[in-house]
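What follows is a short report on a single structure.
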């Protein structure tokens, strides 16, 4: 049995309190009747009704989730192909340069990345007329550039530890390379693909710096809207939206925890 000293217990409580008390504060005041943040005047669900009547906020939420879903899917596809190329093909011309280009977005400040992509799109528009304007497409391309690097690292780590004897046995039995990949390799690395997808989704959904450079009319994302609202004061509708998002994430974590607990229980018995 693990025993905590008073110092460790105090540090643990302080750490979790520092992280989660502000979130609980936000959730509680989403039910505040007053529009003034921090002045409790009574319980009300009025701001949840106002939230769904705010077309600009709902549009920003839908834009963010649409962009994040597309980005995560394409980032997993491209990041997986890059990881397979780097792990399975031991040597090829330009491998070092390719590796550096994949990892560059990880260490590059987002301000520099956003500015560089903006200049690139402006240059392309002047040269070939594409893209005609900044919007969701330019944000998607920029977020894929950023997030596929993270997917690459997650999938690469799984492929390095991958047991190739399973693939070799299948090929010895006459299976085609495509069949081996879709029937054996892909199911075995699926947890890393799912982890990469969730990571890319969260990074895209949370990004404000790069999106600020590349957003155009009708493509405002939720982080940009929230950041703009902070300057004039956070509205209770944002508290209500944050509470809904936290609730959805909490339910997802609870369900995944229960599934993992059941799998572990079945393995033990």
Among the residues listed as 60, 68, the single one being under 28 Å from residue 159 (Cα atoms) and assigned to a helix (DSSP H, G or I): 68
Answer yes or no as to whether residue 172 is within 29 Å of residue 256 (Cβ to Cβ), loosely packed, with under 15 Cβ neighbours inside 10 Å, out of contact with any helix residue (DSSP H, G or I) (no Cβ under 8 Å at 6 or more places or on another chain) and at pLDDT below 90. no
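Here is a yes/no grid of residues against (1) within 16 Å of residue 59 (Cβ to Cβ); (2) assigned to a helix (DSSP H, G or I):
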| position | (1), (2) |
| --- | --- |
| 226 | yes, yes |
| 234 | no, no |
| 238 | yes, yes |
| 255 | no, yes |
| 263 | no, yes |
Could you please give the count of residues in the stretch 114-147 that are under 30 Å from residue 193 (Cβ atoms) and touching a helix residue (DSSP H, G or I) at 6+ places or on another chain (Cβ under 7 Å)? 14
Among the residues of the stretch 1-17, which ones are assigned to a loop (DSSP other than H, G, I, E, B) and out of contact with any helix residue (DSSP H, G or I) (no Cβ under 8 Å at 6 or more places or on another chain)? 1, 2, 3, 5
Considering only residues that are within 23 Å of residue 244 (Cβ to Cβ) and part of a helix (DSSP H, G or I), which ones fall in the stretch 18-34? 19, 20, 21, 22, 23, 24, 25, 26, 27, 28, 29
Scan the stretch 190-231 residue by residue and report those that are in contact with a helix residue (DSSP H, G or I) (Cβ under 7 Å, 6 or more places away or on another chain) and free of Cβ contacts under 8 Å to residues at least 40 places away in the same chain. 192, 206, 208, 226, 229
Listed by first then second residue, the pairs whose first member lies in the stretch 241-261 and is over 24 Å from residue 29 (Cβ atoms), whose partner is in a helix (DSSP H, G or I), with beta carbons under 6 Å and at least 6 positions apart or on separate chains, are none
Do we have residue 65 as at pLDDT below 90 and either within 21 Å of the chain's Cα centre (by Cα) or within 25 Å of residue 188 (Cβ to Cβ) (or both) here? no
Test residue 236 against the stated conditions and say whether it is over 18 Å from residue 206 (Cα atoms), in contact with a strand residue (DSSP E or B) (Cβ under 8 Å, 6 or more places away or on another chain) and either at pLDDT 80 or above or surrounded by fewer than 16 Cβ atoms within 10 Å (Cβ to Cβ) (or both). yes
Note on the stretch 71-109: residues surrounded by 13 or more Cβ atoms within 10 Å (Cβ to Cβ) and assigned to a loop (DSSP other than H, G, I, E, B) are 108
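The values are calculated or read from the model by the stated rules, or taken from the named source; none is laboratory data. If you're wondering where the values come from, they're calculated on a predicted model, not measured in any experiment. Note that we place each Cβ from the backbone using ideal geometry, even for glycine, and neighbour counts take in every protein chain shown.
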